[in-house]
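Here the structure comes first, spelled out in structure tokens, and everything after it is commentary.
The values are calculated or read from the model by the stated rules, or taken from the named source; none is laboratory data. Bear in mind that the values here come from a model prediction, so they are computed numbers and not experimental data. Backbone-built Cβ (ideal geometry, glycine too); neighbour counts: all protein chains shown. In case anyone asks, the SASA skips ligands and DNA or RNA and just uses the protein heavy atoms, side chains included. Shrake-Rupley method; radii C 1.70, N 1.55, O 1.52, S 1.80 Å.
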Amino acid sequence: MVSMETLAIKTENKFRSLITKQAYKMGDIICKIPTEKLFDRANRYTVQIARDQHTEVGKLSALNHSCDPNVILDTEHLQMVARRDIELGEELSFFYPSTEWEMDAPFICLCGSSNCIHVVAGARFLSLSTLENHYLNRHIREMMIELLNNTELHLTKLMKA
Ligand SMILES: [Zn+2]
């Protein structure tokens, strides 16, 4: 069943995390991403689903970042998917730059993964070689290509000058 009933928020020393109350297999759809409340700017309760669209995600705002996450937020199909097998009681996490171009509240990651990006501030601050190792949503890929094209245009102008 695809619903948020299987998810619970755990609070420890004011630190929130999202725990699953059931096991999942890789590729399972865990829940839908809510889109009832849309904003044109990011805040700590939103996930970016398009260039100028941020949706308030309810319980999913308790998802922490990981550079080696166990879920994917697929903003094209508006669903949260298991990236690998997940055990009952496991904390769920996703790779914030896979949805966020520029974050409202950047922070330092201490996840310890060999893929760790260290500064979590949004996709625009990461190198292509770093982003290559991670799942990225379509709007992030499009904005990255646009940024590259603009850089190229800028260089062409510089070389002509
Ligand atoms: Zn990390």
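Structural remarks
- Residues that are within 13 Å of the ligand (Cβ to nearest atom), modelled with pLDDT under 95, open to solvent by less than 90 Å² (accessible area, probe 1.4 Å) and of a type in the set (Gly, Ala, Ser), drawn from the range 105-158: GLY112, SER113
- Residue match in the range 72-91 (condition: closer than 16 Å to LEU18 by Cβ, within 11 Å of the ligand (Cβ to nearest atom) and either touching a strand residue (DSSP E or B) at 6+ places or on another chain (Cβ under 6 Å) or not in a strand (DSSP E or B) (or both)): no
A quick yes/no check of all residues on (1) farther than 21 Å from HIS134 by Cα; (2) among the small types (Gly, Ala, Ser):
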{"site": "GLN22", "(1), (2)": "yes, no"}
{"site": "MET26", "(1), (2)": "no, no"}
{"site": "LYS37", "(1), (2)": "yes, no"}
{"site": "ASP40", "(1), (2)": "yes, no"}
{"site": "ALA50", "(1), (2)": "no, yes"}
{"site": "GLN53", "(1), (2)": "yes, no"}
{"site": "GLU87", "(1), (2)": "yes, no"}
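- Residue satisfying all of: in the range 92-104; crowded, with 16+ Cβ neighbours inside 10 Å and in a loop (DSSP other than H, G, I, E, B); nearest to the ligand (Cβ to nearest atom) among these: PHE95
- Checking each residue in the range 55-74 for being in contact with a Lys or Arg (Cβ under 8 Å, 6 or more places away or on another chain) and under 12 Å from PRO34 (Cβ atoms) picks out THR55, GLU56, SER61.
- Residues satisfying the stated conditions in the range 49-67, i.e. part of a loop (DSSP other than H, G, I, E, B) and either away from the ligand (no atom under 16 Å from the Cβ) or of a type outside the set (A, V, I, L, M, F, W, C) (or both): ARG51, ASP52, VAL57, SER66
- Residues located in the range 3-33, provided they are under 17 Å from ASN70 (Cα atoms), part of a loop (DSSP other than H, G, I, E, B) and not basic (Lys, Arg): GLN22, ALA23, MET26, GLY27, ASP28, ILE33
- When the criteria are applied in full, GLU142 fails the requirement of being outside any helix (DSSP H, G or I), within 18 Å of ILE49 (Cα to Cα) and in contact (Cβ under 8 Å) with a residue 40 or more places away in the chain.
- Within the range 65-81, residues that are modelled with pLDDT of 95 or more and among the polar types (S, T, N, Q) sit with their Cβ atoms under 6 Å from residues that are open to solvent by 10 Å² or more (accessible area, probe 1.4 Å) and more than 16 Å from the ligand (Cβ to nearest atom), at 6+ positions apart or across chains, in these pairs: ASN70/ARG84; THR75/ILE49; GLN79/ILE29; GLN79/LYS32.
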